[in-house]
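In what follows, a single structure is set out as structure tokens and then discussed.
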């Protein structure tokens, strides 16, 4: 029986997911196929988690990273991705997360290359063959949506479930969260 391989991409020194392999850019660079090949066999990974990573890539690089992830995921495996939500109706939040923006006080000088909406992030992953399930997001009217999802499948700290800033009536720092699932059969 093959090992259940679960990988956190860009863990940032955090261990929100015990039992997962926590990587940094120096160990597993999303765009470096050689890195992937050195660490994993094709179709060997059950789960990938990337919390606030994809926004540091251009759309085209994000697509390339998604394609590499697809190649290394088992059929039925998934990438759980969280990024800043481009439709969260809060001016201060949008200023902080914008392309070239200042970033939060504890992490100034961000290098965000893109701000995603649910439609744009869904499109990116669907273009390389994933089926996408929206977990947490704001719609075009500024309404928050949250599907049932389990931290057992990958904890996203910056979420309505786990971030203390988001436990009140109105979230203060939400994320757009999706599961991009590799189909069990190629279509």
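The values are calculated or read from the model by the stated rules, or taken from the named source; none is laboratory data. Only a predicted model underlies this, so the values are computations on that prediction, with no experimental measurement involved. Heads up, the Cβs are rebuilt from the backbone with ideal geometry, glycines too, and the neighbour counts pull from every protein chain shown.
Being out of contact with any strand residue (DSSP E or B) (no Cβ under 8 Å at 6 or more places or on another chain), surrounded by fewer than 16 Cβ atoms within 10 Å (Cβ to Cβ) and at pLDDT 95 or above is a condition met by no residue of segment 86-100. When segment 167-183 is filtered for residues that are closer than 21 Å to residue 128 by Cβ and in a loop (DSSP other than H, G, I, E, B), the ones remaining, listed by number, are 182, 183. Scanning segment 142-158 for residues that are in contact (Cβ under 8 Å) with a residue 24 or more places away in the chain, more than 13 Å from the chain's Cα centre (by Cα) and either surrounded by fewer than 13 Cβ atoms within 10 Å (Cβ to Cβ) or part of a loop (DSSP other than H, G, I, E, B) (or both) yields 142, 149.
Among the residues of segment 44-54, are any touching a strand residue (DSSP E or B) at 6+ places or on another chain (Cβ under 9 Å) and modelled with pLDDT under 90?
The first filter runs over segment 44-54 and keeps only residues touching a strand residue (DSSP E or B) at 6+ places or on another chain (Cβ under 9 Å), leaving 44-54.
From the residues that got through so far, the ones that are modelled with pLDDT under 90 too are none.
No, there is no match, as no residue in segment 44-54 is touching a strand residue (DSSP E or B) at 6+ places or on another chain (Cβ under 9 Å) and modelled with pLDDT under 90.
Among the residues of segment 121-141, the ones that are part of a loop (DSSP other than H, G, I, E, B) and either within 14 Å of the chain's Cα centre (by Cα) or modelled with pLDDT under 95 (or both) come to 1 in all. Return the total of residues in segment 22-45 being under 16 Å from residue 3 (Cβ atoms) and surrounded by fewer than 17 Cβ atoms within 10 Å (Cβ to Cβ). Selection size over segment 22-45: 5.
How many of the residues making up segment 163-182 are out of contact with any helix residue (DSSP H, G or I) (no Cβ under 7 Å at 6 or more places or on another chain) and either exposed (fewer than 12 other Cβ atoms within 10 Å of the Cβ) or at pLDDT below 95 (or both)? Quick ask: steps written out before the conclusion?
Filtering segment 163-182 for residues out of contact with any helix residue (DSSP H, G or I) (no Cβ under 7 Å at 6 or more places or on another chain) gives 163-171, 175, 177, 179, 181.
Imposing the further condition that a residue be either exposed (fewer than 12 other Cβ atoms within 10 Å of the Cβ) or at pLDDT below 95 (or both) reduces the set to 163-171.
Number satisfying all stated conditions: 9.
Could you list, in sequence order, all residues of segment 48-64 that are surrounded by 14 or more Cβ atoms within 10 Å (Cβ to Cβ) and more than 18 Å from residue 12 (Cα to Cα)?
Our first condition is that a residue be surrounded by 14 or more Cβ atoms within 10 Å (Cβ to Cβ); within segment 48-64, this holds for 48-57, 59, 61-64.
Passing the criteria: 59, 61, 62, 63, 64.
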